[in-house]
Each structure stands twice: as C-alpha cells, then as structure tokens.
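Values quoted throughout were computed directly from the atomic coordinates according to the rules given, and no laboratory measurement underlies them. Since the structure is predicted, the reported quantities are computational estimates derived from the model, not experimental observations. Glycine gets a Cβ as well: all are built from the backbone with ideal geometry, and neighbour counts include every protein chain shown.
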Amino acid sequence: MRAAGVYLFAAVVLTWPLATQLTTHLGALEGAGDPYLNLWILGTGIKAWLADPASVFSGRVFDANIFHPAQGSLTFSDHLLLQSLVMAPLHAVTRNLVLCYNVLLLASLALSGLAMHALVKGVTGSRPAAFIAGLAWACWPYRSAHLLHLQLQSLYFLPLALLALYRLAAARRKVAAVLLGVLAAMQAVSSVYYGLMTAIALAVGAVTVAGATGQWRGRRFWSRMVLAALVGAILVAPVVWPYWQSQQREGFGRNLSEAAAHAASVQSYTQVPPDNLVYGRTGLLAPRAPAPGERDRRHVEHQLFPGLVLLGLAALGLWRGWRSDARPVVISAAALALAGLVLSLGPEGVRPLYAWLADHVFGFHAIRAPARFSVVMMLGLCVLAGVGVSQTRLKTGVVALLAALMCLEYVNAPLAFVVAPPASTATGRWLAEEGGSGAVLYLPLTLDRENSPFMVQSLEHGRPIVNGYSGQRPSFYTSLVDALADPVSADARATLKELDLRFVVSPANLAGAGEPASPFIEQARFDDSVIYEVVWTPESDAALHDDVATTEPPPPGVPPFKVGERAAYDVQWLNGPLDLTAGQITLSVVAAEARDLGVAGEPPAWVFEVGVDTAPWVSR
C-alpha cells in the first residue's frame with residue numbers, strides 16, 4: 001500500500017493541477033482530436049458494459065456509431081474495453097464521463113509505476129531499487145508528452161509480463177508459462193498498439209535469457225514459451241479478430257515511408273515537453289525549431305529524453321551487474337534497451353531489420369509511430385537502473401536524493417488542461433428525445449479532428465453519425481467528404497439519399513431548405529446549430545433527377561500553367577537519424593518546341609522541365 005501511495009502521489013504531482021479539476025477539465029493539453037476521440041471510446045465502452053454487455057462478448061460493440069455506414073469503426077483505434085470495464089462502476093454512480101477519464105489517467109500512471117516496482121523488486125530484492133525504477137517508468141517525459149493519448153498510458157502489464165518471463169526461465173513451470181501468456185494478453189487487450197511491442201519485447205527477452213542461462217537448447221524452456229504463446233493467442237484472439245476483419249475489409253496498413261515520418265531520431269532523445277520544469281521551461285532540452293530545410297521534430301513523438309539520473313544508474317547497473325549473479329537479467333535488459341532504441345528509429349535505423357519485421361510479423365505494418373518503441377528501450381533502462389542501485393548497495397539517503405533529482409528532471413510546471421466538453425447540449429438532447437432511428441450528418445464534414453466534438457456529442461443521443469475521427473478512416477470517407485463539401489449540391493443530395501440519412505445538423509441555414517425541391521426540412525433551431533430532417537418527396541426526388549441529368553462536366557482544355565512558372569523543392573533526408581540536405585529539385589514550365597509531341601500527336605501548349613541538383617553523397 002505504501003508503494004501504491006507513492007506512485008499515486010507521483011501521478012498527481014506530474015499532472016498537477018488535474019487532481020483539483022477532475023470533473024471540470026480533461027486530462028489533456030488540447031481538446032478536439034485524440035483526447036476527444038479517447039473520451040468517446042471510453043464512453044462507448046462504458047455504455048456497452050452497463051447497457052448491453054452481450055455486445056462486448058459478441059463483438060457488436062466494435063460496430064460503433066462513427067463513420068456511418070462503416071463497419072467495425074471501434075477498431076480504427078485502441079478500443080479501451082478493459083479500461084471501460086474498470087471505470088463502469090464509477091460512471092454508474094457519478095454519471096460523469098470526464099471524471100472517469102481523469103481517474104483512469106491518474107490510475108494508469110500509478111499502476112504503471114507499481115508494475116515496474118514489482119518487476120525490479122522481483123529481480124533484485126531491493127525496495128529502493130524498485131522505487132527508482134517505478135518512478136522512472138511512471139513519470140519520464142514520454143508520459144507527459146502523450147497526455148493527449150490516454151491509451152498510451154496503459155503500460156501496467158508489460159513489466160509484469162517481463163517478470164513472469166524471468167520466473168519462467170528460473171523455474172520452467174507450466175503455471176509460470178500460463179501466467180506469462182495471461183499477462184502478455186492483458187497488455188495487448190489494454191492497448192492493441194502495445195500488444196505487438198510486448199510480443200517483440202518478450203521475444204527479445206526470451207532469446208537473451210535463454211542464451212545467458214544456458215537454456216538455448218533446452219526443450220523444457222522453449223516448450224513452456226510455446227505454451228505461454230498459445231495461452232496469450234487464445235485470450236487475445238477475440239479482440240484481434242475484429243481488427244483483422246477491418247484490415248482485410250479496408251486495406252489498412254502503413255508503408256515504410258509513413259512509418260519513417262513518425263520515427264525517432266537522435267534529437268528525439270534529447271528533448272522534453274515544453275512544460276518540463278527543468279529542461280523545458282528553461283529551454284535546455286525544449287523541442288527545437290528546425291533550421292531551414294530540416295525536419296520538424298517538435299511533435300510529441302520526439303520528446304523521449306530518459307533523464308540523466310536514470311541513464312547514469314542504468315550504466316552503473318550494466319557495469320556492476322555484468323559481473324554478478326544478475327548477469328542474465330542485465331543481458332536481457334540491455335538487449336531490450338538496444339532493440340527498443342533501434343526499432344524506434346524506424347525504417348532508417350536498421351532498414352533491413354525493420355523492413356523484414358514489417359513483411360513477416362503479423363500486425364507490424366500497423367505501426368504508425370515507430371518512435372513509441374522507445375517504451376521497450378525504457379523498460380530495459382529501468383531494469384538496468386534497478387540493478388545498478390541494488391548492486392552498489394547505496395544508502396537510503398543517497399537513493400532518496402537520487403530519486404528526488406530524477407523526479408526533478410521529470411516534473412512539469414503546472415499544466416494548463418482544457419475545459420471538458422459539455423456532457424449535454426441542446427442539439428444532443430433534441431436528437432436523443434426525437435423518436436425513431438436514423439443517422440446524423442454534422443456540417444461541415446471534414447477529414448480531421450474537427451469531427452471529434454460531434455463524436456462526443458453523439459454519446460448523448462447514440463445515433464450513427466457520418467462524421468468520424470480516429471487512427472484510421474474507412475476507404476470511402478475521403479470521397480464522401482469531397483461529395484458533401486457543398487451540402488445542397490446535386491452530388492451531395494444524391495450522396496445523402498444513398499446514405500439513408502435522417503438528420504443534418506448545420507451551423508447555418510441551408511440554401512433552399514423548406515422549398516418543395518429541397519429534401520431539408522427544419523425541425524429545430526438553437527444558438528449554434530440548425531437541425532434539418534432529410535425527407536424525400538416526389539418533388540425533391542424529381543428536382544434531384546433533373547439536377548443530376550443537367551450537370552455538365554467542365555470543358556476540356558489545358559490547365560492554366562504559364563510559361564515561366566517555376567517551383568523549387570529542397571530535398572532532405574528526413575528519415576535518417578540526422579537531418580542532411582540532399583539537394584534541390586526544380587520544376588519549370590517552358591514553351592513547347594516543334595519536336596515536342598502531346599498525347600494527340602500535336603505540339604503541347606507547354607512542357608515541364610525538371611532539374612535535379614543533388615549532394616555528392618546521394619547515389620544516382
């Protein structure tokens with residue numbers, strides 16, 4: 001209980017003043033976007049557990065109400081169903097989703113620290129070492145940088161799974177194998193994103209522990225590992241199956257170029273969030289603006305500094321532990337740290353390795369941000385730091401001082417959390433009280449985070465909505481946004497009819513609404529919105545038919561390029577550990593000559609001339 005209190009206190013301090021704003025503010029530094037997405041996900045899960053638990057076990061819960069008429073929209077991001085189950089009793093009593101969100105955030109930080117505490121206490125027997133490692137795991141800058149990603153705080157089962165692996169290597173008992181499979185599956189259920197990283201971490205740990213303990217060729221150890229893998233696969237299959245279905249249906253996946261764009265670099269490990277008190281507010285390690293032509297590395301994925309105290313203790317653990325009985329643990333922890341570092345660099349770290357994993361490991365192609373493999377690196381560093389403290393037998397006062405210095409490196413200035421979105425709105429209440437079913441379209445329909453407030457509002461009325469924001473989008477969505485750009489156009493009305501839409505919520509009047517030729521009939525008006533019901537009559541059907549029939553395509557012709565236009569593009573090696581200037585490409589519009597032939601065999605109106613000037617080290 002003492003350890004739990006320490007980590008809860010650390011979570012409160014790290015996120016101060018959130019503990020005083022649990023019902024009024026959201027535990028994130030921005031609202032619309034990922035925080036609202038996770039609020040909607042949590043609300044969807046809680047509603048399912050309380051009102052229709054059978055939908056969770058049948059899989060119907062994954063057909064959530066966004067991106068209508070897409071299937072499996074809850075699988076477009078982490079589902080948080082386990083966290084929703086834990087928060088459901090609190091919501092049943094308080095009816096306050098924002099409170100549940102904030103309590104889950106604080107609990108995730110505290111439980112993560114407690115899990116690392118258990119791991120290091122288990123492998124070293126040292127309570128002071130466990131506190132050092134636990135505080136580092138719960139509070140390092142990655143946590144603060146990703147406050148907007150509630151799902152990324154779910155790192156409480158990974159340390160416990162590693163502890164189970166160590167115990168399996170020591171005893172090789174079936175019970176230990178089953179426990180390892182259960183814990184690995186629980187981490188995957190808590191966060192599908194971290195599930196893959198956990199599998200890779202355990203694979204690296206198993207290979208290195210087997211080699212260090214002389215069990216590389218031991219059939220018993222590997223048979224137990226196979227048992228653990230089977231248990232984990234069986235438990236996680238009901239969750240993975242809907243994700244696999246969505247991937248097959250929508251063709252989801254990240255190519256190496258996209259992964260490289262969200263990979264870490266050397267610079268990423270020298271940066272902290274701007275609100276970090278020691279390094280951020282002073283500018284020492286604050287995210288740095290890019291020089292001309294450099295890649296912008298100010299995003300949260302590039303705020304990965306582990307802390308000087310932790311690095312020093314990890315180096316001490318590697319040195320002292322290598323020659324002690326803790327050598328197998330040290331070897332495996334060092335391998336984890338190295339593997340996490342290399343994989344966090346993405347395709348341009350060790351490209352053949354990353355490309356091979358992307359081609360051969362199930363689910364690896366879904367990794368959008370390789371920088372998050374830094375959690376595997378941090379897992380290894382925390383274990384090494386714990387070994388360093390335990391092997392040197394530092395006095396309690398010295399450990400307390402080191403812990404204080406480490407926490408000082410991690411602590412933030414008071415954070416400016418966003419005001420929570422309202423749980424109820426006039427529009428939401430009206431849509432909830434209106435009888436009958438039917439989907440809703442909120443205008444304007446966009447591709448990005450502007451849709452997330454509508455998702456939160458949909459929790460009140462529960463109707464399907466065309467809008468959506470998530471880690472993935474259904475394949476039709478971009479075309480749908482284009483078609484509905486002008487909601488009263490013929491294309492838009494034809495699209496709405498195909499969607500079998502019932503309501504349109506608009507921030508302003510729709511042109512022609514209420515006229516016989518229009519399907520839009522005003523039903524309610526509020527300060528910030530107008531609700532129209534979409535009703536198709538013979539008159540509106542005929543008007544749509546006439547408009548579609550008379551719509552003419554734009555006349556053919558040459559695009560409006562002018563001779564002499566020129567565009568220059570700097571070429572940067574963005575995907576490597578360092579930013580290097582690779583050269584420049586120029587596109588120029590020049591007058592066509594007699595020898596130039598167009599598609600029809602006639603001289604074109606203009607010709608593009610491309611000039612490439614690359615650095616000497618670029619292969620040609």
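Overview of values
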quantity: For a label point 7 Å along the Cα-to-beta-carbon line of E522, residues of segment 485-500 with backbone N under 17 Å; calculated: 488
quantity: Under-5 Å amide H pairs with Y442, H placed in peptide plane, nonlocal only; calculated: V466, N467, V505
quantity: Per-pair calculated FRET efficiency, R0 = 41 Å: L405 and Q248 via Cβ, rounded to 0.05; calculated: 0.20
quantity: Full-stretch length increase - A426, V266 - with 0.36 nm per residue and alpha-carbon distance subtracted; calculated: 52.6 nm
quantity: Cα centroid separation - segment 363-414 against segment 451-500, whole Å; calculated: 44
quantity: The chain - share of DSSP beta bridges that are antiparallel (%, nearest 5); calculated: 85
quantity: Cα gyration tensor shape of segment 230-323, rounded if a/c is under 1.5, else prolate or oblate by comparing a/b with b/c; calculated: oblate
quantity: Cα gyration tensor category, rounded, prolate or oblate, for segment 426-550 with a/c compared to 1.5; calculated: oblate
quantity: Inter-site label distance for L90 and A171 at 7 Å from Cα along Cβ, in nm; calculated: 3.3
quantity: Net charge dipole size for the chain [Lys, Arg +1 and Asp, Glu -1 on Cβ; Debye, nearest 20]; calculated: 4760
quantity: Among F67, H149, N451 - extreme Cα towards positive end, dipole of the chain, charges at beta-carbon; calculated: H149
quantity: Structure-derived Rg and Dmax of the Cα atoms in Å - corresponding label in (1) 27.9, 87; (2) 25.0, 77; (3) 26.7, 92; calculated: (1)
quantity: Rough spin-label spacing in nm, given labels placed 7 Å along Cα→Cβ, for R217 and A413; calculated: 6.2
quantity: Length gained when the stretch A485-E258 is fully extended (0.36 nm per residue, less Cα-Cα span); calculated: 79.0 nm
quantity: Segment 426-550 - share of DSSP beta bridges that are antiparallel (%, nearest 5); calculated: 65
quantity: Charge sum, other residues only, whose C-beta stays under 13 Å from M378's C-beta, Lys/Arg counted +1 and Asp/Glu -1; calculated: +2
quantity: Length gained when the stretch D325-T282 is fully extended (0.36 nm per residue, less Cα-Cα span); calculated: 11.3 nm
quantity: Contact order normalised by residue count of the chain, Cα under 8 Å, 6+ apart, percent; calculated: 16
